[in-house]
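Let me begin by presenting the structure, written as structure tokens, before commenting on it.
The values are calculated or read from the model by the stated rules, or taken from the named source; none is laboratory data. Since this is a predicted model, take the numbers as computed values, not measurements. Neighbour counts run over all protein chains shown; Cβ positions are idealised from the backbone, glycine included. Surface accessibility is based on the protein's heavy atoms, side chains included, excluding ligands, DNA and RNA. Shrake-Rupley method; radii C 1.70, N 1.55, O 1.52, S 1.80 Å.
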Amino acid sequence: MHSYIRPHTHIALRLPSGIVKILEIAPNTTINIGKFGSFAANLLLGRPYYLTFELLEKDDERTKTELRVVPASELHAEALGNDHAAPAESRDDPAPTEGGVEFDIVGDDGEVIMRSNRLTIDDPSRQKLSMEEIEELKKAGTGSGKEIIERIMASHMAIEEKTSFSLAKYTLRKSRKYLKRFTVLPLDVGMLTDYLTEREAYKVMELREDTLGLVSSWANIHCSETSRVLTGEDGISQIGGGRWLVVDDTGGLVVAALAEKMGILYPSEEDDDSGSEGKEEEEEPTSATTSAQPGQIATKTPVLPEGTTAPEETSIKPEDLQNGTTEASSNLPPPDPPQDDLPQPTSNQTLSNAPPNPPRPRRPPRPHIPQMSSPTNTLTLLHSNAQPNLAHLKYFSYDSGNPSTSHPLYTHLKTISWLQILHPSEDATYAEPETISEETLATMKSSKRGNYYRKRRRWERTKSVVDETRRGGFDGLIVASVMAPQTVLRALVPLVRGGGKVVVYSANVEPLVELCDLYSKERRAAFVARQFEKPQNGVKIKREVKEEDSEPNTPLFSSYEDGDEDEDFPVNPTLLLAPSLQTARARHWQVLPGRTHPMMTSRGGAEGYLFTATRVLPVEGKVEARGHFRGKKRKTGEGSAVQV
Amino acid sequence: MAPPPSPFFDPGTHAAPNSLSVLQLRRDHLIPAVLSASTESEYAEGKVENTRFGSFPHSTLLHQPWGTQVLASVVDTGSRGQKSKKRKREGDDDGQSTPVHETERARKDLVKAVTASSGFAHLVPPTPETWTLCLPHRTQVVYTPDYSYILQRLRVRPGDHIIEAGAGSGSFTHAAARAVHNGALEEAHPAITTEAANGDEHSMVPKARRKRRGGVYSYEFHAPRAKQLQVEVNEHGLSSTVKVTNRDVYEDGFCLEDEEAPDADAIFLDLPAPWLALKHLTRSPPSPAVMKSVASDPATPEPEPSAHIAQTSSTPKLFRSPLNAKKPVRICTFSPCIEQVTKTVTALRSLGWLEIGMTEILSKRLEVRRERIGLQEEGLRGANPSAATVQEAVQRLRDVEGRAKVFHGLQKEKQEEIARKVEAKKRGGKVSPAEEDQEAVSGKGKVKVESVPPSKHDRLERAKKELDNRELFKEGRLVHRTEPELKTHTSYLVFAVLPREWTKEDEEKANRKWS
Ligand SMILES: C[S@@+](CC[C@H](N)C(=O)[O-])C[C@H]1O[C@@H](n2cnc3c(N)ncnc32)[C@H](O)[C@@H]1O
């Protein structure tokens, strides 16, 4: 995947302001990047990701808008604050800057552009060109914003008083504002996470990319396509097979992250290697023998003649440009609250005057493979509404309301509601619909017959997912939910196999602190002690312990809502080993010669915490711990002490 | 016959013989054990893992379901002293190198282990996380918070190929293996294992038909470390996923005999000077100017910098890139010092890498406990016996005052009584009825003493007695704090992306296709 920009996939465009736009790219449409202008989507299709393009508007030389690949050297030179070619850059590393050492920055032609740090005065009025003039310049179609920058710099009275530090920033600031550039990035889970946390963090429980990586590790998520589903000791229950239970209140972001690591998120991966269409394979650049540096070829690309196919317009909301003060914003719908900027699950990315999604190319129908039928490498999603919210999966071409049968998630993602898992008999879809004989069916109207089969299939699916889930033996449980974690764990930990992993994410620490306390070693000791001291009162607890060994279809959760829940032990604390609480955060740095330091600001908000533990099978009976301080055994009351 | 699946990917239901298991004793105290039913051991019970928390004969672990809490056994470790060294080695090698005389001594039947009165461990399947905590350290290793983030940012997915140098202790190797594993095992051929043999096989399999198999290409120039890693890789059932190469990557780069390898999608460099390896990670031969700027770093005097360049630029051999030509390639370098970062970033820029950024991971674990404060905690462990509230403080002060008063009063009474007795004696030695009354009064005094606020001794007694009825696990205030020892710096992570090469011809083709 992501070897080149494919039609009908979501891509991310990063604009000079650093703002990211997500859109689905379709052939023969126009991509509009607000005040920067627009260009034909075909200029991007088939091209590699991570290139930065500059928009060359049509003028005397160009009959159409063209895209120029900005070479890496040019990008780096700008980042470094001068116009030198990158290979020579190391020699330009400024000498130690302490003590007011002066140095010059020299332009292309050897002319000294500026020097001296001391006399710099920060006064915006020193910029001679007025905003109006700048607008004029732009309207004059002077092409890339570079020219504007040069003019501004030239007219800047204090320019000679600036040092490379301030100039670098100055240049950057200007380029961000005026350069008509964008970088095309693949829309993968990392990118999407950044995008969502930036815009509507609350919808994804403020989950950051750094946390997602940790979740996957601790849950031991990996591709298990070839793993075995084995039978447990009892000869009935199943164990393993690379099946994970998920509770996800992030609209599917967690599911996507896990699926990515299981190899079931991106459709038809093989295309990358084999080039499914022979024609495409032939178009792939095949050898690496050319001497050019990536991105160094400035390609002038004529656009297809207009009118051959009426281009549909894919427009992006340009509110990012200069904080929403753009000329293009006038033809947009009234400004929404920021959280609504993100395309809603049902609506398309194309917000304004765009037509609905162009139809996706449909693959020829395959032999019927039932949905949610994969035995291994699966995610089983518990949801608290009638339908799961998997809105974010649309960025990966998976529409949970109407999934394409060719998408790997079609068979590998199973969904089950809390009612279905805890009280299947109360769920209508779990009850078998009446069977109609073949003969009767033959006499029915086709629509009715279709209806009948649809119902049957839905029932079969529900039943198989519910039964399988209740049989347990999952390799792990991942929870990112706003529900009280102990209620989730009480129900689901028994369904995790011995040695399986439990990971709970929470934006805030408090729910997890409470959870840790419910699994504290003191509480565990008290729990075990209570089992032995008061056998008659402890029946209930005993039963809970027993439950994990119960037969597949005896309700695992009989005591769950019986109201006899023990306040002190909302969960069985002996089922998890080494419960731990942790947090991690990535801190980003700027790395420039002589100017390396951590970023000055970053997102605040929720820190994000993880609870991790391993499911274990406790010995039934009194267990005495042994400390490393031999002879001085630690004893807690009469119950068992707990080592771990 | 297909080899059994790696316990890292598919551990099965229970601990199997000759496969890696992990015994978890405490949260961060785990020991790896390749379990064996072998009788070749100096113990009557067969092979035994001896720990601070008791002895665990393999016979008590084998065929136990994963996650089982295993009780320690009574093992006669009397002869342990002089044999301990040897035993350790056996444990590591799974007795592969057991001398012959050992075999002769081997018993036919193992003595059944007797459960000890205390001590237990949990039997858990190996994962990169548990392995990282118990692997034999040969170098600094990359821990879970860092490798999780690195693999996330490198976008390593099932089926990908990742280059890793140096392999060191293999901590990152295992995490990377899990990330690339895609079970494309049975489909084609047992891929990567040995370079020469498979070179041929590769060419025989039609390329387009095959599902690409995930692979970790590990390079390590320290021969014993490379060897040890290879042993572990084999023992862990990862030999079809991890390819270990003993090589100096600064000098010799990453290409392998197999033309299709490494074909890398991602690169992780945990090397002292990653910038010296970068020149080998290009899509096309770097121009002499670039090579010069990458090599001639004034701050790092290279022994023979010109030798490197000469070697590479004058090679008549056809240039081969170790990178996947059809995908963007991502890199991460892992360096503890900022100077290393600066050099690496400079080299990355020169070589055309994009999206260059540097990040550090700050991770911490939190402790959760109940903080008990209050007068009721006097004399108890793990709590603070200070007054919990102003009211408690006042009460305590009142008690002290009260006691002082009572004792003062008693003192006075006693003195008065003595004085009275002395008086009486003086008067004639006879106790009058009135004085009997006095006795009664002092009897009342005794009652009074009993209602005196409790002494420290009393309080301690009471606290102890009450402890039996208290439920400490839910008392006090629930608090959390950072663990006592904090890793405040591991390394700086530099990330960058090298896009696909895009030539004029490529552009023309794309242009033709999409117009
Ligand atoms: C810090 S260790 C790597 C630890 C490893 N990432 C882990 O997680 O266990 C660095 C390793 O790089 C190896 N090394 C150093 N220079 C090398 C070179 N030029 N080629 C190959 N390996 C090298 C060292 O021998 C050392 O084992």
> Looking at segment A:40-54, is at least one residue modelled with pLDDT of 50 or more, within 14 Å of chain B (Cβ to nearest Cβ), under 36 Å from the mean Cα position of the chain (by Cα) and open to solvent by 30 Å² or more (accessible area, probe 1.4 Å)?
Replying inline: no
> Could we say that residue B:145 is away from the ligand (no atom under 14 Å from the Cβ) and in the same structural domain as residue B:233 (by TED's automatic domain parsing) here?
Replying inline: no
>> Take residue B:427 and tell me if it is exposed (fewer than 10 other Cβ atoms within 10 Å of the Cβ) and under 41 Å from the mean Cα position of the chain (by Cα).
In response: no
>> Tell me whether segment B:62-72 contains one or more residues that are away from the ligand (no atom under 16 Å from the Cβ), touching a Lys or Arg at 6+ places or on another chain (Cβ under 7 Å), away from chain A (no Cβ under 14 Å) and at pLDDT 85 or above.
In response: no
> Can you name every residue in segment B:480-496 that is facing another protein chain (nearest Cβ under 8 Å) and open to solvent by 10 Å² or more (accessible area, probe 1.4 Å)?
Replying inline: B:480, B:492
>> Need pairs with beta-carbon distance below 6 Å; first residue over 25 Å from residue B:65 (Cα atoms) and within segment A:500-529, second part of a strand (DSSP E or B) and open to solvent by less than 10 Å² (accessible area, probe 1.4 Å); sequence gap 6+ or separate chains.
In response: A:505/A:480; A:505/A:610; A:512/A:581; A:512/A:611; A:515/A:611; A:516/A:581
> Residues of segment B:235-251 being near the ligand (Cβ under 8 Å from one of its atoms) and not in a loop (DSSP other than H, G, I, E, B), which ones?
Replying inline: B:249, B:250, B:251
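Of all residues in segment A:579-604, count the ones that are hydroxyl-bearing (Ser, Thr, Tyr) and more than 7 Å from chain B (Cβ to nearest Cβ).
Qualifying residue count for the region: 2.
I'm trying to understand the selection: among the residues of segment A:22-39, which are at negative phi, open to solvent by 10 Å² or more (accessible area, probe 1.4 Å) and more than 8 Å from chain B (Cβ to nearest Cβ)?
Correct list: A:24, A:30, A:32, A:35, A:38.
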> Taking segment B:209-249 on its own, how many of its residues are closer than 23 Å to residue B:279 by Cα, without any contact (Cβ under 8 Å) to a residue 40 or more places away in the chain and surrounded by 20 or more Cβ atoms within 10 Å (Cβ to Cβ)?
Replying inline: 1
> In this structure, is residue B:38 hydroxyl-bearing (Ser, Thr, Tyr) and closer than 25 Å to residue A:240 by Cα?
Replying inline: no
> Among (1) open to solvent by 50 Å² or more (accessible area, probe 1.4 Å); (2) assigned to a loop (DSSP other than H, G, I, E, B); (3) more than 28 Å from residue B:215 (Cβ to Cβ), which single condition is residue A:203 missing?
Replying inline: (2)
>> Any residue that is surrounded by 18 or more Cβ atoms within 10 Å (Cβ to Cβ), more than 14 Å from chain A (Cβ to nearest Cβ) and in a helix (DSSP H, G or I) - is there at least one of those in segment B:371-390?
In response: yes
>> Would you confirm, using the coordinates I've provided, whether residue A:637 is modelled with pLDDT under 50 and not assigned by TED's automatic domain parsing to the domain that holds residue A:490?
In response: yes
> Just for helices (runs of 4 or more DSSP H) wholly inside segment B:404-515: which have at least 2 residues that are modelled with pLDDT of 85 or more and farther than 30 Å from residue A:7 by Cα?
Replying inline: B:456-467
> Looking at segment A:585-610, which of its residues are out of contact with any Phe, Trp or Tyr (no Cβ under 7 Å at 6 or more places or on another chain), among the hydrophobic types (A, V, I, L, M, F, W, C) and open to solvent by less than 50 Å² (accessible area, probe 1.4 Å)?
Replying inline: A:589, A:591, A:592, A:606
>> I'd like to verify a number: residues in segment B:263-277 that are more than 10 Å from the ligand (Cβ to nearest atom) and within 14 Å of another protein chain (Cβ to nearest Cβ), how many?
In response: 5
